[in-house]
Amino acid sequence: MSLENYDIAIIGGGPVGMALALALSCNSNLSILLLEARGLPEKVDDERPLALSHGSHLILQRLGVWEKLSQFTPINTIHISNKGYFGRTVLTTEDAGVPALGYVVNYHDLFRALYDKSLQSNLHYQTGAAVQPCATDDQLGHVQYSHAGIEKTISAKLLVLADGGQLSSQIKDITYQTTEYDQWAIVANVRTEEQQTGVAYERFTSDGPVALLPSGEYFALVWTVSPEAAKEILAMDENRFLTRLHEHFGNRLGQFVHTGKRSGFPLALKYAVPATSQRTALVGNAAQTLHPVAGQGFNLGLRDAYELAQEILDTTSNSKEIGTPPMLTRYRQRRRTDSQGGRIFTDSLIKLFSNENTLLKHCCGLGLTIMDNFPPIKRFVARRMIFGTRG
Ligand SMILES: Cc1cc2nc3c(=O)[nH]c(=O)nc-3n(C[C@H](O)[C@H](O)[C@H](O)COP(=O)(O)OP(=O)(O)OC[C@H]3O[C@@H](n4cnc5c(N)ncnc54)[C@H](O)[C@@H]3O)c2cc1C
């Protein structure tokens, strides 16, 4: 059994954990350990699309990750509609004053780009390292994991949970507030008769939103359905699936002519209260897991990572100790409004649009029309989606 000490141990090398590790290792001499349960990126088989905001693009550029992405597709327009009701909004790059409203990448490609960049850094990065118990005291966080058949115990001044929320129950005082949406997201790459031209479609229906995001020559589909429908749709043959999708989405892009592999994700809103504890900070999905509507989750998680890195760097440049209660309080305060805003924004969209109340549906349609006709409202919403509360 080996015993090692670090300044920071990050548990979870998903996109948010890796981004945090890179933001710290590029800008400091802190000793950082990053532990990821999964194996090498070749084994990360996750086809979910991620719509990255312009703000995330800027952060990934600063980290030297953007240039390593093998494929990204710019979004120049977002078309928002409400199935079966009047009203729609079209957001453009001019409305938001940015070169692109966002970029679509897939989870796997982003994981790979972050991984490649991590290998060039001075991080201690271990894949295939699943953390089992972790605990904290006043002075340190303690972590046990096994790697290549060797049991290890390490300690660090600050533990960061970037594990999607798997281990938080082991940390003192952290609890989760959860709302089950009783919805699943079906994701797949689909091709339509009409070619994609950089337009992303978000269509609200009473079952939940369906999004088609431009992705290379395809559209990346994120289709929200009930858990029962998800099982049925995942089991359908390709032709039935494409017909059902066309019935649901409508004829705006013509017929759906091809689909890639389909995957399903159960959806819930889950957030940690509080997002820090003794010697511990939570980031990304460990801090808050959102509904994928409007593509906010990773963008918010990346801002968690970026702001936590800033707080740590400010603390060390003032020759103060990291992981102390004042530092953790400052991090929590920095993130409160943005995290709350992301939660309320996505949760309200789902509650307002995924319902059967005709009057409310008409009000939503009216809201879309009003937004479409008032550039300041459009600009506010677009910049809120792109930069979080700082927008
Ligand atoms: C269908 C769908 C579509 C989405 N679309 C968008 C979008 O368009 N835009 C957007 O911004 N967001 C989107 N999201 C949200 C986005 O996927 C998440 O917010 C993002 O993946 C969170 O990253 P993370 O690194 O915090 O967590 P994860 O991606 O869950 O990574 C956690 C990592 O921790 C590791 N881990 C877990 N337990 C341990 C352990 N015990 N020891 C070591 N490692 C461990 C896991 O292996 C994993 O690699 C979408 C989500 C879904 C489901």
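The values are calculated or read from the model by the stated rules, or taken from the named source; none is laboratory data. Just so it is clear, the structure is predicted and the values come from calculations on it, not from any experiment. In this analysis, Cβ positions are derived from the backbone assuming ideal geometry, glycine residues included, and neighbour counts consider all displayed protein chains. The area values use the complete protein model at the heavy-atom level, side chains included, leaving out ligands, DNA and RNA. Shrake-Rupley method; radii C 1.70, N 1.55, O 1.52, S 1.80 Å.
Structure notes:
- Evaluating residue 265 against the criteria (1) more than 8 Å from the ligand (Cβ to nearest atom); (2) at negative phi; (3) surrounded by fewer than 19 Cβ atoms within 10 Å (Cβ to Cβ) leaves one unmet condition, (1).
- Filter result (polar (S, T, N, Q) and open to solvent by 50 Å² or more (accessible area, probe 1.4 Å)) within the stretch 321-347: 333, 337, 340
- Taken across the stretch 58-73, residues that are closer than 23 Å to residue 197 by Cβ and of a type in the set (Asp, Glu) do not occur at all.
- Checking every residue in the stretch 185-203 against the condition of being in contact (Cβ under 8 Å) with a residue 40 or more places away in the chain, away from the ligand (no atom under 14 Å from the Cβ) and under 26 Å from residue 313 (Cβ atoms) gives zero matches.
- Residue in the stretch 65-75 that is over 23 Å from residue 216 (Cβ atoms) and among the hydrophobic types (A, V, I, L, M, F, W, C) present: no
- Subset of the stretch 297-310 (residues that are in contact with a strand residue (DSSP E or B) (Cβ under 9 Å, 6 or more places away or on another chain) and open to solvent by 10 Å² or more (accessible area, probe 1.4 Å)): 297, 298
- Check on residue 233, of a type outside the set (Ser, Thr, Tyr), within 15 Å of the ligand (Cβ to nearest atom) and not in a strand (DSSP E or B): yes
- Residue in the stretch 273-282 that is in contact with a strand residue (DSSP E or B) (Cβ under 9 Å, 6 or more places away or on another chain), open to solvent by less than 20 Å² (accessible area, probe 1.4 Å), of a type in the set (Val, Ile, Thr) and closer than 30 Å to residue 157 by Cα present: yes
- Of the residues examined, residue 116 is one that is of a type in the set (Asp, Glu) and over 18 Å from residue 199 (Cβ atoms).
- If the condition is being more than 24 Å from residue 291 (Cα to Cα), open to solvent by 70 Å² or more (accessible area, probe 1.4 Å) and within 14 Å of the ligand (Cβ to nearest atom), then the stretch 43-78 contributes only 43.
- Residue in the stretch 365-386 that is in a helix (DSSP H, G or I) and either touching a Pro at 6+ places or on another chain (Cβ under 6 Å) or within 13 Å of the ligand (Cβ to nearest atom) (or both) present: yes
- Residue match in the stretch 4-15 (condition: touching a strand residue (DSSP E or B) at 6+ places or on another chain (Cβ under 7 Å), more than 11 Å from the ligand (Cβ to nearest atom) and among the acidic types (Asp, Glu)): yes
- Residues considered: 156, 130, 148. Of these, the only one that is open to solvent by 30 Å² or more (accessible area, probe 1.4 Å) and over 23 Å from the mean Cα position of the chain (by Cα) is 148.
- Where strands (runs of 3 or more DSSP E) fall wholly inside the stretch 249-341, the ranges with 2 or more residues that are within 14 Å of the chain's Cα centre (by Cα) and in contact (Cβ under 8 Å) with a residue 24 or more places away in the chain are 263-273.
- Number of residues in the stretch 218-247 that are over 26 Å from residue 356 (Cβ atoms) and in contact with a strand residue (DSSP E or B) (Cβ under 7 Å, 6 or more places away or on another chain): the value is 5.
- Selection of the stretch 89-120 for residues being more than 21 Å from the chain's Cα centre (by Cα) and among the acidic types (Asp, Glu) yields 94, 95.
Every residue, every condition in (1) within 16 Å of the ligand (Cβ to nearest atom); (2) farther than 30 Å from residue 277 by Cα; (3) hydroxyl-bearing (Ser, Thr, Tyr), yes or no:
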residue: 83; (1), (2), (3): no, yes, no
residue: 89; (1), (2), (3): no, yes, yes
residue: 104; (1), (2), (3): yes, yes, no
residue: 127; (1), (2), (3): yes, no, yes
residue: 136; (1), (2), (3): yes, no, yes
